Each structure stands twice: as structure tokens, then as C-alpha cells.
Amino acid sequence: MASLGRLSRAVLRAPLAQARQLSAAAGAHGAHEGGSRVWKILTFVVAFPGVAVCMLNMYLKMQQHQAHYVQPEFVPYSHLRIRTKRFPWGDGVKSFFHNDELNALPDGYAEHEE
């Protein structure tokens, strides 16, 4: 029984001593100085221009897609757009995130007045 007590104390002390060594090493500055400066430079030189290039690419592809977009023909499938009761907003037929150009109503696309 006494050996079990000594063993448990030794096991409990080992991580504590190791943690003390690690925390003492963290206090020494030396090789890790200037790390935030490197990340700041990388943010402005790599990250922001990378995001800008991705946004430009997305915008140009969207413009290209809209130039030749044709609304698909409406097919009144019986299993789609089932309404058992009216929506509690608006006219009760359109969903909350309804888009007249992309989403069809139960009886077809909404007609646009241009």
C-alpha cells in the first residue's frame, strides 16, 4: 500500500516539474522575437491581395454567367412546391428567401414587368 502512495506521488510530480520547465522556457525571448511582425507583413502582402484576386475572379465569372443566362422552362412536377398552408408573411405563396428570377411558384415563374 505504501508503494502505491509513493508511485502516485511520483506520477503526479513528473508533469508538474515538466510544466515548470516549459513555462520557464516560454519566458526566454531569443529566437521567437518579431513573430508578430512577420505575420503582419504576410497579412498585408499575401492575404489581402489573395482575397482581392479571389473577389475579382468571382465578380468576372458572375458577369460572364449573367450575360448568357436563360431561365429554365417551368415543369409542374407534382412532388415539388407542395403548400399545405400559406406562409405567414407577404402574399403567403412565396417562401421567405424567394427570388423571382430563380425560384418558381407552384403555378410557374412570376411574370416580370419591364
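No value in this document is a laboratory result; all are computed from the given coordinates. Because the structure is a prediction, the values reported are computed rather than measured. With ideal geometry, Cβ positions are generated from the backbone for all residues, glycine too; neighbour counts draw on all protein chains shown.
Could you give me the residue pairs with C-beta distances under 8 Å whose first residue belongs to segment 87-103 and is within 19 Å of residue 74 (Cβ to Cβ), whose second residue is surrounded by 12 or more Cβ atoms within 10 Å (Cβ to Cβ) and of a type in the set (Lys, Arg) wherever it lies, and which are 6+ apart or on separate chains?
Listed pairs, sorted by first residue: 103/94.
Here is a yes/no grid of residues against (1) outside any helix (DSSP H, G or I); (2) within 27 Å of residue 107 (Cβ to Cβ); (3) more than 20 Å from the chain's Cα centre (by Cα):
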{"residue": "42", "(1), (2), (3)": "no, no, yes"}
{"residue": "47", "(1), (2), (3)": "no, no, no"}
{"residue": "54", "(1), (2), (3)": "no, no, no"}
{"residue": "58", "(1), (2), (3)": "no, no, no"}
{"residue": "64", "(1), (2), (3)": "no, no, yes"}
{"residue": "70", "(1), (2), (3)": "yes, yes, yes"}
{"residue": "75", "(1), (2), (3)": "yes, yes, yes"}
{"residue": "82", "(1), (2), (3)": "yes, yes, yes"}
